[in-house]
Amino acid sequence: MNEGVQKYVDRAKKMLAERERYIKEEVKKWKFDTIAVHGAYSVREAIENNQGSIIEPIYMSSSQAFRDSDEMEAALAYLIPSWTYSRIHNPSMGYLEATLALLEGYGFDGETSCCTASSGMAAIASATDPFLVKLGKKHDEAINFVSNAQIYGGTFQQFNIRKMRDRGIECRWVVDPNDIDDWASKIDKNTRFLFGELPSNPGLTFFDIKKVIDLAHENGITAIFDTTIATPVLLRPMTLGADIVIHSATKTLTASGFGMAGAVVARKNITSKIDNAEMNADFATYIKLLPNRDIGWCISPMQAILTLNDMRTLRSKVDQLSQNSMKVAKFLDKHPKISTMNYLGLENHPLYEVASKYLWLVDSEYDDQYGKPVNRYGHLMSFQFTGGAQAARIFFDNLKRIWRATDLGRIKSVATIPSISTHQQMGEDLRSMASIPQDLVRLCIGAEHPQDMIADLEQALSKI
């Protein structure tokens, strides 16, 4: 390394040491809401780097200029923090990633890092594909992973079609994820990771996540979870030992619906069967700087800041949406035209106890309104009809205030029929395995007054 490059490396080490000190000694001592508002963006950084801007700036530029050839060499060798090219990194992207890493790692003693992506589906591929590589052994043709069957339709297609059909990588489905013996029976020497989505969309499946994490680590494999619906407000799997957490940040994390975003958050030093020390030491940074750099799943600077800005009130938003949803769920649970009601907060739900074990409103014990830990169950519910699929369509077509769309996690209430929308391409047999009947309606409750949403539901139900 020549003297000029070393100069930039030494300067970067000093800067990184100060940033690490700031996060460890100050930011990690804040409560969840303070981290959501400020992230790792300090007054010092604002003054020194961003002309005092109190809000993280949007760097609408494709690339970074360098002072000289030495700085360029150090940057492109990843010896110093830089952003170089926005397909690899961008300061606006970095502000979002730092905040998500801190929020998902809230209450976790170890270190976390984050890699954002252009969508939730890109995040799932980013988090899983690095484990599905050939290791140069004869048994590589038997590469497999295990997942619960009750997952988002797009995820199911990515696993079932893109990985299994197109690449010959087997996904072994667990139909009852609370049967830990079923998970265990599907693991062999070629299994690379366990994947779970909870609460699941749209069936509201929940399971004992700690048991699945422990099972993965007993077998030396990675534990990966999609907690898009819960967000770190209600569930932070890394505090339980998980390796990687995925979010479709398009949804509950943002609520505005202004654009698409995904995120992969990982703890440092993950459990893994892959012999790649760099990847295992800092998974999120590894995929950001190497595979995702080459594939190009980057988020735009504008979308990064829009997402970050939506997250500043995440805890209070999820709390309010959860409370609204509970009121709506109780109304639907008693309605004679509803045959099955799925909302984890209802005491008669078969998964109420296991959900209550894990779904807690972060920092509620410090809240003057509560002063103690309180359960919250999120904004998502689904239900079936005594009149079957035709009744579901009549109800759906008569909604007036609740939006008919495939979206969820919005500040506005949205409903869909999964069998003809999000899970249509699975086919009837696979929908049956994943518990997606034709008369199932998925409802995501927003921030409207719950009485207005109940009134809309009531008038639509009256048309059946």
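The values are calculated or read from the model by the stated rules, or taken from the named source; none is laboratory data. As the structure is a computational prediction, the values presented were derived from the model and not from experiment. For neighbour counting, all protein chains shown are included, and Cβ atoms are generated from backbone atoms with ideal geometry for every residue, glycine included.
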Practice task
With respect to Met326, determine if the residue is among the aliphatic types (A, V, I, L, M), in contact with a helix residue (DSSP H, G or I) (Cβ under 6 Å, 6 or more places away or on another chain) and closer than 30 Å to Ile464 by Cβ.
Solution key: no
Completion exercise
Asp243 passes all but one of the listed conditions (1) buried (at least 24 other Cβ atoms within 10 Å of the Cβ); (2) at pLDDT 95 or above; (3) closer than 29 Å to Asp367 by Cβ; the exception is number (3)
Exercise for the section: Considering (1) crowded, with 20+ Cβ neighbours inside 10 Å; (2) farther than 17 Å from Met453 by Cα, say which one Met381 fails and leave the rest. Expected result: (2)
Handout entry: Positions within segment 248-268 being of a type in the set (S, T, N, Q) and either within 12 Å of Leu96 (Cβ to Cβ) or assigned by TED's automatic domain parsing to the domain that holds Leu321 (or both), in sequence order
Key = Thr254
Exercise for the section: Can you confirm whether segment 356-372 contains a residue that is more than 30 Å from Glu458 (Cβ to Cβ), in a strand (DSSP E or B) and at pLDDT 95 or above? Expected result: yes
Problem - Residue tally, condition in a loop (DSSP other than H, G, I, E, B), farther than 30 Å from Leu253 by Cα and of a type in the set (Gly, Ala, Ser), over segment 29-87 - result: 2
Practice task
Go through (1) in contact with a Phe, Trp or Tyr (Cβ under 6 Å, 6 or more places away or on another chain); (2) over 30 Å from Gly4 (Cβ atoms) and name the single condition Met72 misses.
Solution key: (2)
Practice task
State all residues of segment 73-131 that are surrounded by fewer than 22 Cβ atoms within 10 Å (Cβ to Cβ) and charged (D, E, K, R); if no residue qualifies, say none.
Solution key: Glu73, Arg87, Asp109, Glu111, Asp129
Practice task
Consider Ile58 carefully, then state whether it is β-branched (Val, Ile, Thr) and without any contact (Cβ under 8 Å) to a residue 12 or more places away in the chain.
Solution key: no
Exercise for the section: Quick one: which residue in Thr205, Thr128 is in contact (Cβ under 8 Å) with a residue 40 or more places away in the chain, part of a helix (DSSP H, G or I) and within 21 Å of Leu240 (Cβ to Cβ)? Expected result: Thr128
